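This report concerns only the one structure given below.
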Amino acid sequence: DARVTQTPRHKVTEMGQEVTMRCQPILGHNTVFWYRQTMMQGLELLAYFRNRAPLDDSGMPKDRFSAEMPDATLATLKIQPSEPRDSAVYFCASGPSRGRSGNTIYFGEGSWLTVV
Amino acid sequence: QKEVEQNSGPLSVPEGAIASLNCTYSDRGSQSFFWYRQYSGKSPELIMSIYSNGDKEDGRFTAQLNKASQYVSLLIRDSQPSDSATYLCAVNVNYGGATNKLIFGTGTLLAVQP
């Protein structure tokens, strides 16, 4: 059963602490997305990788957020230092990136972050 | 203007009725359109994709695309209480070169009343 795996599922941390979220994309998928979802803003695209290379991170606050893909099986999203306004659900998604179906992406279960 | 717009709802329909969900988008060059369903506390799951003008049917779901009007819709026939969820419209937006981003609307909350 192929699926996107995210850790941690839930995280409560104090303001100022570093938070690292991890994602294992579906095997064979070469595009990876990080989205943030809040009630007010909905799903916002933070970063987008293809073949491990960052193609777009314009939606990500650069001063505190960073996203990387150390290898094809791992994507990370780091927040340092975290702030209460970062409280949200962070979703990782992956897709095959070939032909029309390459635009289809599949979501992980999300990392629920609360910064107090 | 937002790139993908949806009415937030809630859209309330009785069980057995047809639910009609609508979405408009701003990028005329978009070629790929998707509907995702998201239950409360869960992640979005893909239910339909559509690439050409016209209708595409899959079971009780029909996606409709009109590129000239920049409009995509989802019809759910014989609505069931289990269809109650937030429906997210997603559009592939080309930012030039190899950059192709999937942008989501804020979603429409559907409530099917038994």
*Is region A:23-32 home to any residue that is assigned to a loop (DSSP other than H, G, I, E, B), within 11 Å of chain B (Cβ to nearest Cβ) and under 25 Å from B:Val93 (Cβ atoms)?*
no
*Could you tell me whether B:Tyr95 is at pLDDT below 95 and more than 27 Å from A:Gly110 (Cα to Cα)?*
no
_If a residue counts only when it is surrounded by fewer than 19 Cβ atoms within 10 Å (Cβ to Cβ), over 12 Å from the mean Cα position of the chain (by Cα) and at negative phi, which strands (runs of 3 or more DSSP E) contained entirely in region B:15-70 have at least 3 such residues?_
B:54-58
*Any residue in region A:92-111 that is over 11 Å from the mean Cα position of the chain (by Cα), modelled with pLDDT of 95 or more and farther than 18 Å from B:Glu45 by Cβ?*
no
_Given the condition surrounded by 14 or more Cβ atoms within 10 Å (Cβ to Cβ), in contact with a strand residue (DSSP E or B) (Cβ under 7 Å, 6 or more places away or on another chain), over 15 Å from A:Gly95 (Cα atoms) and more than 14 Å from chain B (Cβ to nearest Cβ), answer yes or no: does some residue in region A:42-61 qualify?_
no
*Being basic (Lys, Arg), in contact with a Pro (Cβ under 8 Å, 6 or more places away or on another chain) and more than 14 Å from every other protein chain (Cβ to nearest Cβ) narrows it down to one of A:Arg64, A:Arg85, so name that one.*
A:Arg64
*May I ask you to verify whether A:Val19 is surrounded by fewer than 17 Cβ atoms within 10 Å (Cβ to Cβ), in contact with a helix residue (DSSP H, G or I) (Cβ under 8 Å, 6 or more places away or on another chain) and either within 9 Å of another protein chain (Cβ to nearest Cβ) or at pLDDT 90 or above (or both)?*
no
*Inspect region B:89-104 for any residue being touching a Lys or Arg at 6+ places or on another chain (Cβ under 8 Å) and surrounded by 16 or more Cβ atoms within 10 Å (Cβ to Cβ) and give the result as yes or no.*
yes
*Return the only residue of B:Lys67, B:Lys101 being within 30 Å of A:Asn30 (Cβ to Cβ), facing chain A (nearest Cβ under 10 Å) and of a type in the set (Lys, Arg).*
B:Lys101
*asked:* Among the residues of region A:2-16, what is the count of those that are within 12 Å of chain B (Cβ to nearest Cβ), of a type outside the set (D, E, K, R) and more than 20 Å from A:Val116 (Cβ to Cβ)?
replied: 3
*Enumeration of residues in region B:73-98 that are more than 22 Å from B:Pro114 (Cα to Cα) and away from chain A (no Cβ under 14 Å)*: B:Ser73
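The values are calculated or read from the model by the stated rules, or taken from the named source; none is laboratory data. Just so it is clear, the structure is predicted and the values come from calculations on it, not from any experiment. With ideal geometry, Cβ positions are generated from the backbone for all residues, glycine too; neighbour counts draw on all protein chains shown.
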